Amino acid sequence: MRNLTKFRSTLIKKFKKRNISFSTSFLLNRSQFIYNFCYSSSSSTYYDLTHLQTFDIIPKFSLSDFILLPNHFTLQEQTFLSTHSLKKLKRIFGKDTIYQPSHFDHIIHNYRECQVTSWTSGDNEIEREINNLLIQKVYNLFPKEINWLPIHILELAESIGGIKSHVDNVEYSGNIVAGICLISPTVMILRHVNNPECRFSVLLEPGSLYIQRDTIRYNFTHEIPIDPEQHKFKNNLIPKGQRISLMFRNVK
Ligand code: OGA
Ligand code: MN
């Protein structure tokens, strides 16, 4: 117990030093992963749990395996990241924005996607600035031992872009899937793999970082409605604008 208290206070100091605000009572540590469970402070604004059943559902899950950090990136940081993401997509796909109608496995619709090994074509200063920002605001939230796959940039087209329900390929990556949300708000619906009616929705605003891990990453599918009429949060239609996400996955 004492050790745990000591452990917590070390972590709190660490988080404070990094200027991350959180409620200490929700600081959890499980399977070598330390995180800030923000559900309590942002529940009604960002989560719709109306259809979430917790009893008799197998495999079991913990909602604390979905972590949302709203307003994690300042407006300036968001603009910086979206500008360089769009530049990167332009270098790869050309100056005309042509969205791919559907993913090879028909999961993602009307999108552009690329993997990032470098952000620029040789601008070291920008490269450094982006990497420092991502280290500070993403990688430093996790233990150092975690190895990360290259980032994916995913752009969804205004109105018609979307993602059908899926679990990220378990062969490709490990227990953590994190996303930075940019440009437009989006609604993500997560459904239990054995009972799609057991579901919850999350409003992902630009500037937020979300993390799915363990029981949510493996036991829930996630989707972004393709039909703009279905893009609703608590019965309010959320207009579907162009949206970019930066996706982080750990090595299995
Ligand atoms: C994916 C995915 C979600 C997002 O690329 O597999 O589910 O926030 N992306 O873009
Ligand atoms: Mn996915």
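Brief remarks follow.
- Summarising the label geometry, the points placed 7 Å from Cα in the beta-carbon direction at His166 and Thr221 lie 1.2 nm from one another.
- Rounded to 0.05, the FRET efficiency of the Lys87 and Tyr139 pair, given R0 = 35 Å and the Cβ-Cβ distance, is 0.95.
- For the pair Gln76 and Val116, label points projected 7 Å from Cα toward Cβ lie 1.9 nm apart.
- Using a Förster distance of 25 Å, the FRET efficiency for Lys95-Glu158 (Cβ separation, nearest 0.05): 0.85
- Cα gyration tensor, the range 95-245 - rounded (a/c under 1.5), prolate or oblate: oblate
- Difference of contour (0.36 nm per residue) and Cα-Cα distance, Asp56 to Glu125: 19.5 nm
- Averaging over all projection directions, the Cα-based convex hull of the range 162-252 occupies 5.7 nm² in the image plane.
- Ordering of 199-211, 120-132, 65-77 by burial proxy (mean other Cβ atoms within 10 Å per residue, highest first): 199-211, 65-77, 120-132
Since every read-out is calculated from the coordinates, none of them should be taken as a lab result. None of the values given here were measured: they were computed from a predicted structure. Neighbour counts are summed over all protein chains in view; Cβ atoms, including those assigned to glycine, are modelled from backbone coordinates with ideal geometry.
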